[in-house]
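Presented below is the structure to which this report refers.
The values are calculated or read from the model by the stated rules, or taken from the named source; none is laboratory data. Quick caveat: nothing in here was measured; it's all calculated off a predicted structure. Note: ideal-geometry Cβ built from the backbone for every residue, glycine included; neighbour counts use all protein chains shown. Protein only, heavy atoms only, side chains kept; ligands, DNA and RNA dropped before computing areas. Shrake-Rupley method; radii C 1.70, N 1.55, O 1.52, S 1.80 Å.
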Amino acid sequence: MQKYEIILSKLNSAGYEASLVGGCVRDRLMNRPVHDYDIATNALPEQIIDTFSGYNVIPTGLKHGTVTVICGGEPFEITTYRIDGSYSDSRRPDSVKFTPNLTDDLARRDFTINAIAMDINGSITDPFNGTEDIRRGIIRCVGKPEKRFTEDALRIMRCVRFASQLGFAVDDETENAVHAMKSRLSLISAERVRVELDKTICGENCLGALMNFSDVITEIIPELLPAAGFDQHSKYHKYDIYEHTVRAVEAVPSENTEVRRVMLFHDIGKPHCFTIDPDGQGHFKGHAEVGADITEKVMKRLRYDNASIRRTVQLIRRHSDKIRTEKHIKRLLSAMGSELFFSLMEVKKADNSAKNEFVLEELKDIEKIETIAKRIIADGECITLNQLAVNGKDIMSIGFSGSEIGTILNHLLGLVIDGKLPNDRINLLKFAEKEYQK
């Protein structure tokens with residue numbers, strides 16, 4: 001018996017109705033992986049707590065009828081059937097009224113595909129034809145979209161996210177409301193929007209969703225608005241900046257959230273750097289640096305963690321670098337670390353994949369760069385201070401102190417990387433003593 005079945009069985013044995021609800025039912029019906037199970041029941045919160053008296057029970061949100069039960073180390077949210085009151089904060093209902101009726105509970109949910117219940121025997125309760133919408137590949141609000149989006153404005157972004165993840169079309173009435181009500185996303189916390197944005201760009205069908213709902217994306221990130229429809233006037237490009245961006249996002253494996261996020265932002269600085277030469281060719285000199293600065297501000301506004309901001313900004317700043325020599329490869333490996341260096345290669349591949357066909361020839365060059373980098377790492381060539389044959393104590397022993405120690409070590413590392421000095425302790429110390437004591 002699976003853990004969720006234990007939960008359902010205990011509630012049933014205590015005389016209560018209990019069903020799986022929401023995304024777990026949708027994903028089971030679509031044969032998609034299920035990551036968490038939500039359960040709805042006619043048992044009141046105190047009755048749920050009594051039923052699971054021998055379990056670790058967390059009163060997650062008693063006001064809204066939700067109790068979390070830990071079963072086999074896994075949390076299960078169990079919520080009493082309810083009818084929601086008004087949503088003054090566009091997030092949570094101000095009040096709820098418990099109801100004995102499952103259909104009443106399903107009626108408060110966002111989309112028909114998420115308003116399906118399944119009991120322990122696999123019997124389906126589907127008052128809003130969600131199973132038919134799954135079969136047809138349609139995202140449709142339960143009831144009036146305007147009401148659903150007024151209750152919780154994040155549902156606007158969730159609609160786009162489901163279109164991206166599931167590859168479903170959005171029905172006309174729901175889509176019209178998404179476009180008309182997108183400004184309500186400003187009522188939602190940056191953290192909640194950020195989570196949906198990351199899920200959206202990582203959908204298997206992100207291309208269609210990001211193109212069809214570009215106005216929603218630019219509502220969240222207005223800095224991307226100038227990219228929409230911006231003709232690049234470049235022999236390298238066949239798409240405007242926004243479509244190139246979206247196609248570059250799509251070119252990255254969907255599980256690689258970091259690089260997909262980099263691609264979303266990588267050309268955000270281009271409209272600010274555009275020039276056109278006498279031959280009619282467009283140029284974007286300095287766009288990587290400008291884009292990195294813009295991205296940092298956007299990501300801070302969306303409350304990304306500092307490590308993610310730092311890594312994303314570094315990759316954007318270097319995404320258009322020309323790497324022509326082994327020395328340059330070593331320098332980048334030293335500056336970025338191997339993990340981020342290979343992420344940069346993924347960025348370059350995705351960028352080129354969204355350009356004109358002849359640019360795809362550069363993918364071979366990127367593969368050669370990766371091969372050289374792997375060989376440098378495998379051979380243990382000196383590219384970090386830890387690999388340098390001298391350390392801080394060695395530099396102190398020849399009479400230096402304070403911040404000059406770090407300065408000297410970094411200079412010596414650069415000389416070794418460039419092949420101007422051997423990575424040999426005696427030679428390095430002789431050079432340092434002679435050069436710096438001047």
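Brief remarks on what is shown
- Rounded to the nearest 20 debye, the dipole size of the chain about its Cα centre is 1020 debye, using +1 on the Cβ of Lys and Arg and -1 on the Cβ of Asp and Glu.
- Beta-bridge orientation, the range 39-154: approximately 85 percent antiparallel, per DSSP, counting only bridges with both partners inside.
- Fraction of beta bridges assigned by DSSP in the range 68-223 that are antiparallel (%, nearest 5): 85
- Global form of the range 153-244, assessed from the alpha-carbon gyration tensor, a/c cut-off 1.5: prolate
- Selection among 358, 388, 304 by position relative to the dipole of the chain gives 388 as farthest towards the positive end (Cβ unit charges, Cα centre).
- Surrounding net charge for residue 116, when Lys and Arg each add one and Asp and Glu each subtract one, Cβ distance under 10 Å: +1
- The chain: angle of helix 403-417 to the longest principal axis, Cα-based, in degrees nearest 10: 80
- Antiparallel bridges, percent of DSSP beta bridges restricted to the chain (to nearest 5): 80
- Positive dipole terminus of the range 174-303, leading residue within 210, 264, 295 (C-beta point charges): 295
- In degrees, nearest ten, helix 326-336 long axis to first principal axis of the chain (Cα): 50
- Residue-averaged 222 nm ellipticity for the chain, from DSSP H runs of 4+ at -39500 (n - 2.57), nearest 500: -14500 deg cm²/dmol
- Under 9 Å, Cβ to Cβ, from residue 76 - net charge with Lys/Arg +1 and Asp/Glu -1: -3
- The heavy atoms of residue 198 offer some 30 square angstrom of accessible surface to a 1.4 angstrom probe.
- Matching label, semi-axes √(5λ) of the Cα gyration tensor in Å computed from the structure shown, candidates [x] 52, 29, 19; [y] 33, 26, 23; [z] 53, 34, 20: [x]
- Couplings for the range 125-141, taken from phi via the Karplus curve 6.51 cos²θ - 1.76 cosθ + 1.60 with θ = phi - 60°, read 10, 9, x, 10, 6, x, 5, 5, 5, 5, 4, 7, x, 10, 9, 9, 5 Hz in order; Gly and Pro are left as x.
- Sparse-neighbour loop sites [GluC sites (Glu not before Pro); the range 168-262; at most 13 other C-beta within 10 Å; DSSP]: 204, 255
- Between residue 82 and 99, 105, the built amide H atoms are under 5 Å apart, and every one of these is 5 or more places off in sequence or on another chain.
- Over 26 Å between alpha carbons, listed pairs 330/355; 327/368; 327/393; 3/144: 330/355; 327/393; 3/144
- Positive minus negative residues near residue 180 (Lys, Arg vs Asp, Glu; Cβ under 15 Å): -1
- Partners of residue 147 within straight-line reach, counting aspartates and glutamates whose Cα lies under 18 Å from its Cα and excluding those fewer than 8 residues away in the same chain: 84, 89, 94, 104, 105, 110, 171, 172, 173, 175.
- Remark: relative contact order (the chain) = 8 percent; criterion is Cα-Cα distance under 8 angstrom and separation of 6 or more residues.
- 24 Å Cα-Cα reach of residue 300 towards lysines, excluding residues that sit fewer than 8 places from it in its own chain: 182, 199, 270
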